[in-house]
Each structure stands twice: as structure tokens, then as C-alpha cells.
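Below is one structure, written out as C-alpha cells; the observations come after it.
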Amino acid sequence: MLSPNDDVKVMAKKSLQTSGIGKCKDCKDKSCAVSILKNQELDVLAQNSSELKIPKGEIVIREGELTTFVAYLKSGLVKEHLKGLNGKSQIIKLIKAKSYLGLSAGLSSKMSLYTYSALEDLNVCYIDLNILKKLMKDNGNFAYEILLSVSRENITNSFWFVNKNQKQIYGRCADAMLYFSKIIFEKNKFTLPITHFELAALIGTTRESVTRTLSKFKSDGILQINEKNITILNNKLLENISKNG
């Protein structure tokens with residue numbers, strides 16, 4: 001019996017054989033890298049890619065599977081996670097639209113390093129990995145933009161890892177709220193896309209500590225919290241807590 005992710009891969013492979021030329025030229029959600037490609041290269045990309053709708057809760061790419069595709073997230077929100085030594089899932093980061101999923105692993109490894117799961121309904125474009133590599137070899141500007149994407153991803157992960165290990169719980173929770181506000185949603189009012197348990201996994205603490213700290217932020221007038229709906233009321237104070245750890 002096929003798993004949900006197997007179904008996705010089967011659909012992607014079938015769709016790759018019937019993709020229509022021209023869809024990449026007309027796409028309004030191109031990445032910076034794809035925008036550089038020439039018309040002929042866009043035609044090649046269109047013939048070797050497939051856009052699929054993936055419902056919330058499904059897996060886009062699974063850790064440990066062969067990397068035959070790179071996924072470009074056109075819309076929606078995804079969590080990148082992996083299993084730790086104790087078998088528990090560790091969230092690395094959240095990824096918003098117009099980002100590549102599995103790119104680092106696709107270029108450097110035969111196996112996917114992380115699992116990517118849909119936090120909401122997604123539009124994902126699966127791109128044949130061999131075609132992506134060929135386009136990179138043939139078009140230096142395209143390769144450069146892909147390299148920039150990988151570099152930004154690595155820098156973000158490095159800063160997040162250092163902050164998570166050097167800050168106390170208040171600093172980590174402040175970082176998380178600013179992360180959702182400034183990077184993921186780009187506004188002070190947002191709906192928390194993950195549970196307190198998942199947020200604890202993201203910042204490296206316990207669910208109880210997260211709940212207690214958010215309640216403290218609420219009582220101090222830093223946050224307004226209504227179930228999963230959060231509004232940052234005092235950005236300056238939250239940033240000070242983040243800075244001082």
C-alpha cells in the first residue's frame with residue numbers, strides 16, 4: 001500500500017510525462033533563479049516539472065528517501081523536521097512560499113536529509129533533479145542564484161542554532177515570536193501555525209516552558225493571545241528580551 005508521500009511521488013512522475021510547454025514562462029510565482037532562464041530553458045524545465053496541490057498534514061518530501069526531485073513551494077507554509085536520536089521529531093525551521101525544499105540534499109546527497117510537512121494547503125512544483133543540475137551546469141547565472149538560495153538557508157540555520165543553544169527560555173520564545181512576525185508572516189498579528197509542543201521542539205525546550213513563557217508575555221502586555229491568534233503589542237520590549245537572551 002502506498003503512503004501519502006508515495007502517492008505524491010507517483011502523481012509527480014506521471015505528471016512529468018504530460019507537463020505542458022509554456023507553463024513556466026507564464027508562472028507568476030517564479031523563483032529568482034528561474035526568472036533568469038531563457039525561453040528554451042524554461043521549456044525544458046516545464047517538460048520536466050509538475051505542479052501539485054498538497055493538503056495540510058501531508059508530506060512533501062520524506063527524510064531518508066532518494067532525492068529524485070527538488071520541490072519548489074509556490075504557496076503555503078511547510079515545516080522542515082527530522083528524527084532525533086530518541087526518535088522524536090525535531091523541527092529545524094518553517095519555510096514559506098517561493099522557496100526550494102530539499103535543495104541542499106538534492107545537490108550534495110543521494111538521500112533526503114529532512115522531512116517537509118504541509119502546515120496548510122500547498123501548491124508545490126516538483127522539478128526533476130537531473131534537469132535542475134543540467135540547467136545549473138549550462139547557465140552560470142541560474143547556478144549562482146541557486147547557490148545564493150542554499151547559502152541563505154545555511155546562514156539562517158546557523159544563526160538559529162547558535163541562538164537556541166545560548167539563550168534562556170525567554171530569549172528563545174521572543175526569538176520565535178519575532179521569527180513568525182518578521183520573517184514568516186511579515187506582520188504583528190498572526191495565527192500560530194504550530195502547536196505549543198511543536199514550538200517547544202523548534203526552540204529546544206518543553207511544552208510546559210513554552211506555555212508558561214507565553215502566558216508571562218501576555219500578562220506583561222507584550223503579547224495579546226487568543227487561543228492561537230497572537231498580536232505583538234510591544235515590539236521594542238520583545239526585541240530587548242531577544243537581544244539579552
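Exactly one residue out of Val70, Val60 is in contact with a helix residue (DSSP H, G or I) (Cβ under 6 Å, 6 or more places away or on another chain), buried (at least 20 other Cβ atoms within 10 Å of the Cβ), under 20 Å from Ser108 (Cα atoms) and of a type in the set (Val, Ile, Thr), and it is Val70.
Taking first residues from the range 130-148 that are farther than 20 Å from Lys110 by Cβ and partners that are modelled with pLDDT of 95 or more and buried (at least 17 other Cβ atoms within 10 Å of the Cβ), no Cβ contact under 7 Å between residues at least 6 apart in sequence or on separate chains turns up.
Considering only residues in the range 217-242 that are under 13 Å from Tyr170 (Cβ atoms) and touching a residue at least 40 places away in the same chain (Cβ under 8 Å), the one that is surrounded by the fewest Cβ atoms within 10 Å (Cβ to Cβ) turns out to be Glu239. Taken over the range 157-172, the residue count meeting the criterion of being at pLDDT below 85 and surrounded by fewer than 15 Cβ atoms within 10 Å (Cβ to Cβ) is 7.
Against the criterion of being assigned by TED's automatic domain parsing to the domain that holds Lys98, assigned to a helix (DSSP H, G or I) and either crowded, with 17+ Cβ neighbours inside 10 Å or at pLDDT 90 or above (or both), Asn130 qualifies.
Listed by first and then second residue, the pairs with beta-carbon distance under 6 Å, at least 6 apart or on different chains, first residue in the range 101-126 and touching a residue at least 60 places away in the same chain (Cβ under 8 Å), second crowded, with 17+ Cβ neighbours inside 10 Å and aromatic (Phe, Trp, Tyr), are Cys125/Tyr72; Tyr126/Phe69.
The values are calculated or read from the model by the stated rules, or taken from the named source; none is laboratory data. Not measured: the values here are computed from a predicted model. Don't worry about glycine lacking a Cβ; one is built from the backbone with ideal geometry, like all the others, and counts go over all protein chains shown.
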